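> One structure follows; several queries about it will come next.
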Amino acid sequence: MALRDAEAFVAEKARWIERTLRDYEDAAAALPAVRLEDHGEIPFLGRMIPIRVKVEPHRTRPGVARRGSALHVGVMEPGEDAVREALIRWYRRQARAEISERLDWATLRAGTAFTKLQIRDPHSRWASCSSTGAMSFSWRLLMAPEPVLGYVVEHEVAHLDVMDHSKRFWRLVERRCPDYREHERWLRNYGAGLRTLL
């Protein structure tokens, strides 16, 4: 779009833009508060996990380790940005492990197979399945309740059999995840907030 047309476009879509921004704010406000500081908490599969932050200038890179019920975050410098960077790396590693296990089980039960798993941070989709069987999931799903993650995995595995969102597809999803509507509703209501938590 030409820059000269942008003002008219924004004016035309102003109500939608304002409503979408409100939805993001409402979704973020409805989720538990995330404090990226020592004695803060972060969401993980429906639970809040306490974090312990230690500034260690001698470190060569940030690190996160789970000890007992808390996550210990080692950073080179103080501040939320350093903690955020360390936690995003940790979420990505956890997402690969958590999603891979669920994906293996779901495809085994379905009698299908995927070709590749990627962990990303897309802005518009929680997950996708290509026609070649390549799967892609957002690491931010680990901030949602565990059943929501399970549903998204089942949704994508169903695409290995049916690549569209036809009635046949939704019947297959319902057979594999009978309460999928509840999880869809959760993502619709709170998913926007997951995109702004970290």
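> Can you give the charge dipole size of the chain about its Cα centre, rounded to the nearest 20 debye, using +1 on the beta carbon of Lys and Arg and -1 on the beta carbon of Asp and Glu?
Numbers: 33 positive and 28 negative charges, 100 e Å.
Rounded to the nearest 20 debye, it is 480 debye.
> Given the Cα-Cα distance of Ala11 and Arg171 and 0.36 nm per residue of separation, how much length would full extension add, in nm? Could the numbers behind the result be given before it?
Details: separation 160, 0.36 × 160 = 57.60 nm, distance 4.08 nm.
Separation in residues times 0.36 nm, less the Cα-Cα distance, equals 53.5 nm.
> Can you sort Val55, Val34, Val73 by how many other beta carbons sit within 10 Å, fewest first? Each step should come with its number before you reach the end.
On the way: Val55 15, Val34 20, Val73 26.
Going from sparsest to densest Cβ surroundings: Val55, Val34, Val73.
> Who wins for biggest fluctuation among Leu36, Leu141, Leu149 in a Gaussian network model of the chain, springs between alpha carbons below 10 Å?
Of Leu36, Leu141, Leu149, the most mobile in the Gaussian network model is Leu36.
> Using amide H atoms built in the peptide plane, which far-off residues or other-chain residues are under 5 Å from Arg120 H to H?
Here Phe137, Ser138, Trp139 satisfy the definition.
> Same structure again: By its C-alpha gyration tensor, with a ≥ b ≥ c as the square roots of the eigenvalues, how is the range 105-152 shaped: rounded for a/c under 1.5, else prolate for a/b larger than b/c, else oblate? Let's see the in-between values first.
Details: a/c = 2.54, a/b = 1.27, b/c = 1.99.
Here the range 105-152 falls in the oblate category.
> Now, a different point. Taking Rh as the Kirkwood radius, which is the inverse of the mean 1/r over Cα pairs, what is the Rg/Rh value for the range 136-198? Each step should come with its number before you reach the end.
Working: Rg = 12.0 Å, Rh = 12.2 Å.
Rounded to two decimals, Rg/Rh equals 0.98.
> Of Leu194, Ala106, Leu141, whose Cα points farthest to the positive end of the dipole of the chain (charges on the beta-carbon: +1 Lys, Arg; -1 Asp, Glu; origin at the Cα centre)?
Ala106
> Moving to a separate point now. What are the ³J(HN,Hα) couplings of the range 171-186, residue after residue, when phi is run through the Karplus curve with 6.51, -1.76, 1.60 and θ = phi - 60°? Round to Hz, x for glycine and proline.
Computed from phi, the couplings for the range 171-186 are 5, 5, 4, 5, 5, 8, 9, x, 9, 4, 4, 4, 6, 4, 4, 4 Hz.
> Provide Leu198, Leu117 in ascending order of the number of other Cβ atoms located within 10 Å of each residue's Cβ, fewest first. Intermediate results must be reported in sequence, preceding the final value.
Values: Leu198 19, Leu117 15.
Listed from fewest to most nearby Cβ atoms, that is Leu117, Leu198.
> Determine ³J(HN,Hα), in whole Hz, for all residues of the range 133-139 in sequence, where each value follows from phi through the Karplus function 6.51 cos²θ - 1.76 cosθ + 1.60 and θ = phi - 60°; x replaces Gly and Pro.
For the range 133-139, the Karplus-derived couplings read x, 7, 10, 9, 10, 7, 5 Hz, x marking Gly and Pro.
> For Asp38, list long-range residues whose amide hydrogen, built 1.01 Å from N in the peptide plane, is under 5 Å from its own amide hydrogen.
Residues meeting the amide H criterion: Val53.
> For the range 39-48, take each phi angle, set θ = phi - 60°, evaluate the Karplus expression 6.51 cos²θ - 1.76 cosθ + 1.60, and give the result in whole Hz per residue in order, putting x for glycine and proline.
With coefficients 6.51, -1.76 and 1.60, one gets 6, x, 9, 10, x, 8, 6, x, 10, 9 Hz.
> So for the range 32-197, what percent of the C-alpha to C-alpha distances run longer than 21 Å? List each step's numbers first, then the result.
Values: 6825 of 13695 pairs.
Taking all Cα-Cα pairs of the range 32-197, the fraction more than 21 Å apart is 50 percent.
No value in this document is a laboratory result; all are computed from the given coordinates. As the structure is a prediction and not an experimental result, all values here were calculated from the model. Cβ coordinates were reconstructed from backbone atoms using ideal geometry, including for glycine residues, and neighbour counts include every protein chain displayed.
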